[in-house]
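Colleague: My structure is below; once you've seen it, I'll send some questions.
The values are calculated or read from the model by the stated rules, or taken from the named source; none is laboratory data. In this text the structure is predicted, and so the values were computed from the model without any measurement. Here the Cβ is made from the backbone with ideal geometry for all residues, glycine too, and neighbour counts use every protein chain on show. When the accessible area is computed, the model is the full protein with side chains, heavy atoms only, and any ligands, DNA or RNA have been set aside. Shrake-Rupley method; radii C 1.70, N 1.55, O 1.52, S 1.80 Å.
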Amino acid sequence: MGEWSYGRLRIQMNKAYDIGVESLSGSGRAVNGGLARSPSADTGHTVHSDKFDASGKVNVASGVISADVAATKSLGGTAKGGTFFLETFGCQMNDHDSEKVAGLLLSRGYRQVETPEAARMILYNTCSIREKAAQKVFSRLGEYRERGADKIIGVLGCVAQQEGEDIFKRAPWVSLVCGSASYRKLPEMLTELEAGNKRVTGLNNDTDETFETEITRRDNPWRAYLTIIEGCDKACAYCVVPHTRGPERSRGSESILREVRQLAELGYSEVQLLGQTVNSYVDPTARAMKFSDLLLEVAQVTGIRRVRFTTSHPRDFGRDIVQAIDREPKLCDHIHLPVQSGSTRVLRAMARTYTREEYLEKIALIRGAARPISITTDIIVGFPGETDADFAETLSMLDEAQYDGVFGFKYSPRPNTPSLALNDPIPEAVKGQRLAMIQEKQRVIQTARNLTMLEQELEVFVSNKSRRENQWSGHTTSNRVISFSSQEKELLGSYVRVKVTDSGTGSLVGVHGG
């Protein structure tokens with residue numbers, strides 16, 4: 001299994017940035033039948049038992065709860081809500097926010113259950129980056145029109161911030177509407193819900209605070225997410241993030257490093273630093289660390305073997321990040337650098353703050369590194385006013401940049417974004433044709449790039465065991481997925497050397513141990 005199932009909830013780890021071409025919420029189509037996804041925690045994984053005491057209560061000092069135990073353990077005390085079900089839509093930051101929300105609930109005595117039917121409290125952590133993702137949430141809410149009277153139903157995240165109290169009008173059976181910038185106030189909101197309040201909101205995104213909790217329920221026993229910067233100040237014309245996540249606010253470097261050290265002590269070997277624009281990080285403490293300095297500091301923590309980060313904004317991407325990757329082998333050789341369009345005219349309409357030429361200068365910096373670094377990107381087709389000539393420049397960008405993976409999407413108009421005022425919308429049929437052309441060109445490029453990996457021996461972190469005998473899979477440092485054969489009986493969670501024997505568009509094939 002590549003996913004860990006909790007009834008209808010399917011926690012999908014690292015779903016946005018594996019090497020491949022992704023479809024998201026139906027807005028794109030996947031190359032090779034689907035994006036090669038990073039497997040999350042799977043059945044049979046070892047639990048860090050030192051996170052719990054003999055009675056099954058969480059060891060608060062550790063600040064971490066492992067998902068397979070958290071899903072079945074009651075953490076002492078009796079919360080009025082009793083049980084909860086949490087479903088997550090969207091990006092890795094939402095995944096990690098859900099880990100923290102679940103940890104908070106578990107610390108209050110709630111118990112997580114596998115299905116919404118078994119839950120007293122049902123929470124949806126939502127995504128509004130594209131229209132279909134938001135529609136999914138209201139579809140879920142509609143299921144409780146006639147049968148939600150005995151449940152507490154809450155909407156969290158970006159749709160909550162975007163729609164606000166209008167959610168109560170569309171779905172009067174909802175009791176909680178809380179945007180991501182208000183998560184720090186969740187304990188107070190839970191107290192209100194437990195007291196019987198039927199209309200609880202947290203919709204303030206004007207804050208300098210970041211969302212940190214004493215306890216985080218971790219869904220993966222080896223890789224841990226850490227949000228280091230929340231919100232965004234870039235104001236791209238098509239993007240809801242500044243409205244739904246608030247302004248940029250960075251977490252203090254010592255707080256980050258303290259959590260990394262804690263995770264390493266608990267056996268986590270890989271950390272992934274998260275932010276809508278992760279490389280825009282500005283240390284608010286007296287140390288005033290740059291993002292590249294923070295990367296190097298995280299890599300120095302004993303026990304940490306790999307450090308990843310996503311997503312980078314081209315405007316704030318500099319030579320110092322490449323130099324840090326060259327200097328420190330623990331910093332993974334993969335950069336996700338969204339371009340969105342290859343046309344300077346469209347980039348200006350998108351308010352992306354760089355030109356085609358300036359973006360290609362960033363690509364040249366990366367390609368000039370001492371060791372090869374894989375590059376993935378995001379592309380939006382059908383932005384209002386995009387001409388055939390503009391789109392041709394995007395196609396030629398693929399040839400020039402030679403990406404190792406592209407995530408292509410059709411433009412989707414979103415509330416509270418400047419692009420709503422733009423004229424000349426592109427017909428859906430044209431958007432679909434352009435997306436298909438992007439995917440076909442990238443398929444050819446990606447297949448050729450993966451062919452260059454043949455006969456190489458790569459370090460692979462093993463995160464999945466196939467149902468087929470002696471078959472395993474994992475990720476290279478460049479975030480390529482590789483399936484391989486091995487006669488070893490237990491490899492999950494280990495690092496092994498694998499020789500590449502075959503390749504395709506979305507993954508590699510290899511052999512371990514001879």
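Colleague: For the stretch 225-270, what are the residues that are part of a helix (DSSP H, G or I) and under 30 Å from Pro384 (Cα atoms)?
Modeller: Residues satisfying the conditions are Val241, Pro242, His243, Thr244, Arg245.
Colleague: Looking at Asp388, Asp424, can you tell me which residue is in contact with a Pro (Cβ under 6 Å, 6 or more places away or on another chain) and of a type in the set (D, E, K, R)?
Modeller: Asp424
Colleague: I would also like to ask the following. Would you point out which residue out of Val339, Val298 is closer than 26 Å to Leu266 by Cβ and open to solvent by less than 10 Å² (accessible area, probe 1.4 Å)?
Modeller: From the options Val339, Val298, the qualifying one is Val298.
Colleague: Of all residues in the stretch 294-340, how many are in a loop (DSSP other than H, G, I, E, B) and either under 14 Å from Leu274 (Cα atoms) or within 22 Å of the chain's Cα centre (by Cα) (or both)?
Modeller: Residues meeting the conditions: 12.
Colleague: Only one of (1) in a helix (DSSP H, G or I); (2) out of contact with any Phe, Trp or Tyr (no Cβ under 9 Å at 6 or more places or on another chain); (3) modelled with pLDDT of 95 or more is not met by Asn279, so which one is it?
Modeller: (2)
Colleague: Of Arg315, Arg306, Arg352, which residue is basic (Lys, Arg), surrounded by 23 or more Cβ atoms within 10 Å (Cβ to Cβ) and touching a residue at least 60 places away in the same chain (Cβ under 8 Å)?
Modeller: None of the others qualify; the one that does is Arg352.
Quick grid of which residues meet (1) under 30 Å from Leu422 (Cβ atoms); (2) open to solvent by less than 50 Å² (accessible area, probe 1.4 Å); (3) without any contact (Cβ under 8 Å) to a residue 40 or more places away in the chain:
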{"position": "Thr213", "(1), (2), (3)": "no, yes, no"}
{"position": "Thr227", "(1), (2), (3)": "no, yes, no"}
{"position": "Val241", "(1), (2), (3)": "yes, yes, no"}
{"position": "Pro247", "(1), (2), (3)": "yes, yes, no"}
{"position": "Ala264", "(1), (2), (3)": "no, yes, no"}
{"position": "Thr285", "(1), (2), (3)": "no, no, yes"}
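Colleague: If a residue has to be touching a Pro at 6+ places or on another chain (Cβ under 7 Å) and either open to solvent by 10 Å² or more (accessible area, probe 1.4 Å) or outside any strand (DSSP E or B) (or both) to count, how many in the stretch 358-385 make the cut?
Modeller: Qualifying residue count for the region: 4.
Colleague: Based on what the data block shows, is Gly432 farther than 15 Å from Ser343 by Cβ and either out of contact with any His (no Cβ under 9 Å at 6 or more places or on another chain) or open to solvent by 70 Å² or more (accessible area, probe 1.4 Å) (or both)?
Modeller: Yes: the conditions hold for Gly432.
Colleague: Would you mention how many residues in the stretch 111-128 are out of contact with any Leu (no Cβ under 7 Å at 6 or more places or on another chain), within 12 Å of Leu156 (Cβ to Cβ) and part of a strand (DSSP E or B)?
Modeller: Here the count works out to 2.
Colleague: Let me ask you something else. Only one of Ser98, Ser175 is assigned to a strand (DSSP E or B), open to solvent by less than 10 Å² (accessible area, probe 1.4 Å) and touching a Lys or Arg at 6+ places or on another chain (Cβ under 9 Å); which?
Modeller: Ser175
Colleague: Would you check if there is a residue in the stretch 386-409 being within 16 Å of Val240 (Cα to Cα), surrounded by fewer than 19 Cβ atoms within 10 Å (Cβ to Cβ) and of a type outside the set (S, T, N, Q)?
Modeller: no
Colleague: Considering only residues that are charged (D, E, K, R) and surrounded by 15 or more Cβ atoms within 10 Å (Cβ to Cβ), look in the stretch 150-172 and name the one that is farthest from Pro116 (Cα to Cα).
Modeller: Glu163
Colleague: Next question. Would you tally the residues in the stretch 128-140 being more than 15 Å from Asn416 (Cβ to Cβ), open to solvent by 10 Å² or more (accessible area, probe 1.4 Å) and in contact with a helix residue (DSSP H, G or I) (Cβ under 9 Å, 6 or more places away or on another chain)?
Modeller: Counting residues in the stretch 128-140 that are more than 15 Å from Asn416 (Cβ to Cβ), open to solvent by 10 Å² or more (accessible area, probe 1.4 Å) and in contact with a helix residue (DSSP H, G or I) (Cβ under 9 Å, 6 or more places away or on another chain) gives 2.
Colleague: Among the residues of the stretch 237-274, write down those that are at pLDDT 95 or above and under 14 Å from Ser312 (Cα atoms).
Modeller: The answer is Gln272, Leu273, Leu274.
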